[in-house]
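Asks: Got a structure for you, written out below as C-alpha cells; questions coming shortly.
Every number in this text was worked out from the coordinates using simple rules, so none of it is lab data. Predicted, not measured: the structure shown is a model, and the values here were computed from it. Please note: Cβ atoms are built from the backbone with ideal geometry, for glycine as well, and neighbour counts cover all protein chains shown.
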Amino acid sequence: DQETTASKYAGVTQAQLDAHWMPYSGNRQFKQDPRLLVAAKDCFYTSADGRQIFDGLSGLWTTGAGHGRSEIANAVAAQIQQLDYSPGFQFGQPKSFILAERLSHWMPPGLNRIFFTGSGSEAADTSLKIARAYWRKLGKGTKTKFIGRAKGYHGVNFGGISVGGLPANRAWYGAGIESYHLASTLLPENRFTRGEPEQGAHLAEQLIDLIQLHDASNIAAVILEPMAGSGGVIPPPKGYLQRIAEICQAHDILLIFDEVITGFGRLGYKTGAEAYGVVPDMINVAKQITNGVIPMGAVACKQGIYDAFMEDAGPDYQLELPHGYTYSAHPVACAAALATLDILEQEQLIERAHGLIPEIEQRVHQLQGLPYVSDIRNSGTASAVSFEPAPGEPLLRPYQVAMAMWSKGFYVRYGGDTVAIAPPFIAELNQLDDIYSALGDCIAELT
Ligand code: PLP
C-alpha cells in the first residue's frame with residue numbers, strides 16, 4: 001500500500017535517488033524499488049520500512065564483529081576530537097606506528113613492514129607498484145609483468161583490473177598493465193565439494209608455462225586471493241597455493257596474497273596465509289581491518305622488501321618510494337582498526353569464526369539437489385550457491401533468489417551465477433539455520 005511504499009524511501013526523493021550513481025548496482029532497478037538500510041546492530045540491519053534484515057554477508061565481507069560496536073564508535077569519536085586529520089607525508093601520528101607493529105603480529109612471521117592505503121583497490125595497486133619498484137631497485141627493471149588468475153578480483157583500479165580475472169570488470173576499460181592469467185581453479189569435477197577440493201593442484205603448473213613463455217626476468221609478481229571471494233567463493237585446491245609459492249620462490253618472482261576478504265578471520269584464521277600454511281612476500285588487507293566502519297587498506301611486506309628500498313637511497317631526507325595517499329594511515333581509520341583488533345582478540349572472534357566453519361558447511365550443502373543449483377562451495381565462513389543459467393539471462397536466478405531473500409528479511413550477495421553468504425563471526429547457530437533454510441525456500445520458489 002501507499003504508506004508502506006512511502007516508508008520504504010526513508011524520506012529520500014526520486015530526485016535524490018537519481019542523483020547518486022551507485023557503484024556495482026543495477027541503478028535503474030534499484031531506483032524503481034529501493035532497498036534502503038537505515039540502521040544496524042549486531043547481525044541485523046533495519047530497513048527503511050522497519051524490518052530486521054539479517055546481514056548475510058557481514059556488510060561487504062567487512063563487519064565480522066557485528067554492527068554498532070560501541071568500542072569502535074567511541075575510539076573513532078575520541079580520535080576525531082583529539083586529532084581528526086594529520087598529514088601522512090613527512091609527518092606522522094602515533095596510532096599508525098602502533099597499528100603497524102600490531103598488524104605485523106597478525107601477519108605471517110616476517111611480513112612486518114606495513115604500507116597503509118584507503119581501500120582494498122588501493123592496496124592492490126600499491127602492492128603491484130611496490131613489486132615493480134622493488135625489482136628496479138635491485139637492478140632488475142625488466143621484471144614488470146604480472147600474473148593474476150581467471151575469476152580473481154583485486155579491486156577496480158587499473159592495476160587491479162589488469163591482474164583481475166573477471167571479464168565484466170575489465171572489458172570496458174581499455175588497456176591496463178601487462179598481465180597474464182592462470183586458469184581458475186573452479187573445476188567441474190569439484191562441484192559440491194565440501195571445503196578445499198582434492199583436484200586442481202596441477203593447475204599451479206600453468207605458472208611454469210607462463211614463466212617459460214615470458215621468462216622470469218620479465219615477471220614481477222603473481223597476485224592471488226587465497227580464496228577467491230568475489231569470483232564466487234572458490235577455495236584453493238589442496239596443495240595448489242603451496243606449489244605456486246614454490247614456483248615463485250624458485251624463479252625469483254614475488255608472491256602477493258590479496259587477503260582483502262580473507263584477512264582477519266573470514267577463514268577462521270588470522271589470514272589465508274595462515275589457514276593454508278603458505279607465506280607470500282606481500283599481503284593486502286582492507287575491509288575487516290576496521291570492521292568496515294572507516295575505509296582503510298594496507299599492504300604488509302616482508303622486511304627484505306622494505307630494506308631494499310632503504311638501502312642506497314640517497315640522502316636520508318629523500319623519499320624511498322614515491323607513493324602514498326592523502327588518506328594513508330588516516331588517524332581515525334587507525335583508531336577504528338586498533339579498536340577492531342581489540343575486539344577480535346578479546347572476544348576470540350577468529351576462534352569463534354573457526355568454530356562456525358563446519359556449521360556453515362553442513363547447512364549450505366543441504367541445498368544440493370534443489371532446482372537449478374549447479375554447485376555449492378564453502379571456504380572458512382564463506383559459502384556460495386551457483387545456479388544454472390536461465391535461458392538468455394545467465395544473471396537472473398541469483399538476482400531473483402537475492403530479492404526473495406530480501407523480502408524474507410535476509411541480505412545476501414548476488415553476482416555472476418552465484419549467491420554468496422558469509423555471516424558475521426558473532427552469528428548464532430539458530431541464525432545460520434534461519435538464513436540457509438530461507439535460502440532453500442527461495443531457491444525452491446524459482447520458476
Ligand atoms: N581485493 C579483493 C580480494 C576484494 O575482495 C576487494 C573487494 O571486494 C578488493 C580487493 C577491493 O577492495 P575495495 O572495494 O576496498 O577497493
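Asks: Please grab the % of Cα pairs in the chain that end up more than 34 Å from each other.
Replies: Cα-Cα pairs of the chain separated by over 34 Å account for 32 percent.
Asks: Mind checking Rg over Rh on the range 387-447, alpha carbons, Kirkwood formula for Rh?
Replies: 1.00
Asks: What is the packing order of peptides 346-358, 216-228, taking the mean over residues of other C-beta atoms within 10 Å and listing the highest first?
Replies: 216-228, 346-358
Asks: Something else now. Over 10 Å intervals from 0, what percent of Cα-Cα pairs in the range 331-441 sits in each interval?
Replies: Going out from 0 Å in 10 Å bins, the range 331-441 shows 14, 40, 27, 15, 4, 0 percent.
Asks: Just order 77-87, 92-102 by mean Cβ neighbour count inside 10 Å, highest at the front, would you?
Replies: Highest to lowest by the protection proxy: 92-102, 77-87.
Asks: Choose one of Gln199, Phe116, Ser58: the residue whose Cα lies farthest towards the positive end of the charge dipole of the chain (beta-carbon charges +1 Lys, Arg; -1 Asp, Glu; about the Cα centre).
Replies: Checking the options against the dipole of the chain, the answer is Phe116.
Asks: To the nearest 20 debye, what charge dipole does the chain have about its Cα centre, counting +1 at the Cβ of each Lys and Arg and -1 at the Cβ of each Asp and Glu?
Replies: Value, rounded to 20: 560 debye.
Asks: How big is the antiparallel share of DSSP beta bridges in the chain, given as a percent to the nearest 5?
Replies: Restricted to the chain, the bridges split so that about 65 percent are antiparallel.
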